[in-house]
Each structure stands twice: as C-alpha cells, then as structure tokens.
Amino acid sequence: MDEYGRIDILVNNAGVMLLEPLATADRSNIRQMVEVNLLGLINLTHEALPVMQEQGEGHIVNLSSVSGREEGAMATSTVYTTTKYGVIGFTKALHDEVTNAGIRTTIVEPGYVETELQSHVPHDETRAFLTSGEIPGLSAEDVADNITHAVTRPQHVSVNEVLIQPTQQPDI
C-alpha cells in the first residue's frame with residue numbers, strides 16, 4: 001500500500017506439507033499446517049479485503065491442492081488434506097461474500113508440483129515415495145502460468161477454480 005496505493009491481486013501461496021499418519025503425528029506439525037495453510041491465508045485475506053472493497057475491485061487467488069478434493073487425498077495426508085479442504089470451503093464462501101463488490105476469487109488446486117515441500121515430509125516412507133522421481137510433476141512455472149491466466153481475464157470473467165495436474169499423475 002505504501003508503494004503503490006492499492007492491492008490488485010493477492011496470491012495466498014504459503015503452505016507446509018508435513019505428511020504423517022494422524023495416530024503418530026507430531027502435534028506441533030498438526031498445529032503448523034493449520035496455522036500456515038489455513039489461518040495464514042485467512043489472516044492475509046482479512047488484511048487485503050478492506051482495501052479491495054474500498055477500491056471496488058481486486059482478485060484473491062488461494063492455493064489449495066488436489067489433496068483438498070476427495071480423489072486427491074492419500075493415507076498419510078489427513079491433516080494436510082483437511083487444511084486444503086478448508087481453503088476450498090473458505091474461498092467458495094468468500095466468493096459469495098465479495099463477488100458483488102467487484103472482487104474475484106480463484107482456487108488453484110495443483111497436483112504434484114516439484115518443490116522442496118516433499119523433502120520436509122516427516123514420515124520416512126511417504127517422503128521416500130514423493131521424492132523417488134516416480135511421480136511426474138508440474139513446475140512452479142506451470143502453476144504460475146495458470147494463476148496469470150486467471151487474473152488477466154477481463155473483469156466480467158471469473159475463473160473460479162483451476163485444477164491442474166501432470167498429465168500422467170497417478171492417484172496417490
């Protein structure tokens with residue numbers, strides 16, 4: 001705001017993926033995923049929204065995951081999946097709240113993306129599987145291209161949801 005005087009686009013992309021079975025999960029990992037993946041996104045949106053409402057326009061893009069959809073969940077992703085379902089629900093409800101104010105919302109649900117997230121997985125078997133190279137992945141640029149497409153549509157067009165996966169991604 002200090003530099004440009006407005007907020008046109010908010011991309012909520014911060015997230016952690018600390019996959020492990022719920023029964024043996026480290027409670028601090030559970031808390032971190034909820035705080036970063038869901039509460040962080042809500043808090044940033046809460047800060048930007050009044051500015052966008054005053055402007056009469058803006059675009060909020062929330063990164064979820066294919067894990068936030070029924071077909072995307074995997075056995076050791078219970079808490080992660082829950083946070084990503086939460087992002088989808090939050091974004092859909094937010095859309096209903098702000099669409100008449102000229103503010104657009106987009107949920108982006110990537111499948112497997114080649115990032116450092118997989119190396120942070122605390123569960124050894126899951127981390128080994130995710131970092132084995134057996135799963136074809138998207139690049140960060142693939143995801144960014146889809147975000148760019150969504151936010152550059154004319155104001156009367158809203159790309160509400162983008163599901164993007166590698167062509168050969170298996171059900172994980």
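The values are calculated or read from the model by the stated rules, or taken from the named source; none is laboratory data. Just so it is clear, the structure is predicted and the values come from calculations on it, not from any experiment. Counting neighbours? That spans all protein chains shown, and the Cβs are built from the backbone with ideal geometry, glycine included.
Candidates in segment 65-102 are the residues that are of a type in the set (Ser, Thr, Tyr) and in contact with a Lys or Arg (Cβ under 6 Å, 6 or more places away or on another chain); of these, the one that is surrounded by the most Cβ atoms within 10 Å (Cβ to Cβ) is 65. The sole residue among 105, 126 that is free of Cβ contacts under 8 Å to residues at least 60 places away in the same chain and either touching an Asp or Glu at 6+ places or on another chain (Cβ under 8 Å) or outside any loop (DSSP other than H, G, I, E, B) (or both) is 105. Check whether at least one residue in segment 157-164 is β-branched (Val, Ile, Thr) and touching a Gly at 6+ places or on another chain (Cβ under 9 Å), and report yes or no. Scanning segment 157-164 turns up at least one residue that is β-branched (Val, Ile, Thr) and touching a Gly at 6+ places or on another chain (Cβ under 9 Å). Scanning segment 50-74 for residues that are of a type in the set (A, V, I, L, M, F, W, C) and either more than 19 Å from residue 152 (Cα to Cα) or at pLDDT below 95 (or both) yields 51, 66, 73, 74. Does residue 53 satisfy being within 18 Å of the chain's Cα centre (by Cα) and in a helix (DSSP H, G or I)? Criteria not met by residue 53. The single condition from (1) in a helix (DSSP H, G or I); (2) over 23 Å from residue 58 (Cα atoms) that residue 99 fails is (2). Condition check for residue 120 on (1) surrounded by fewer than 17 Cβ atoms within 10 Å (Cβ to Cβ); (2) within 19 Å of residue 60 (Cα to Cα): one failure, at (2). Out of the residues in segment 20-57 that are small (Gly, Ala, Ser) and under 24 Å from residue 91 (Cα atoms), which is surrounded by the most Cβ atoms within 10 Å (Cβ to Cβ)? Selected residue: 48.
Can you confirm whether residue 10 is assigned to a strand (DSSP E or B), in contact with a Gly (Cβ under 8 Å, 6 or more places away or on another chain) and surrounded by 12 or more Cβ atoms within 10 Å (Cβ to Cβ)? Yes: the conditions hold for residue 10.
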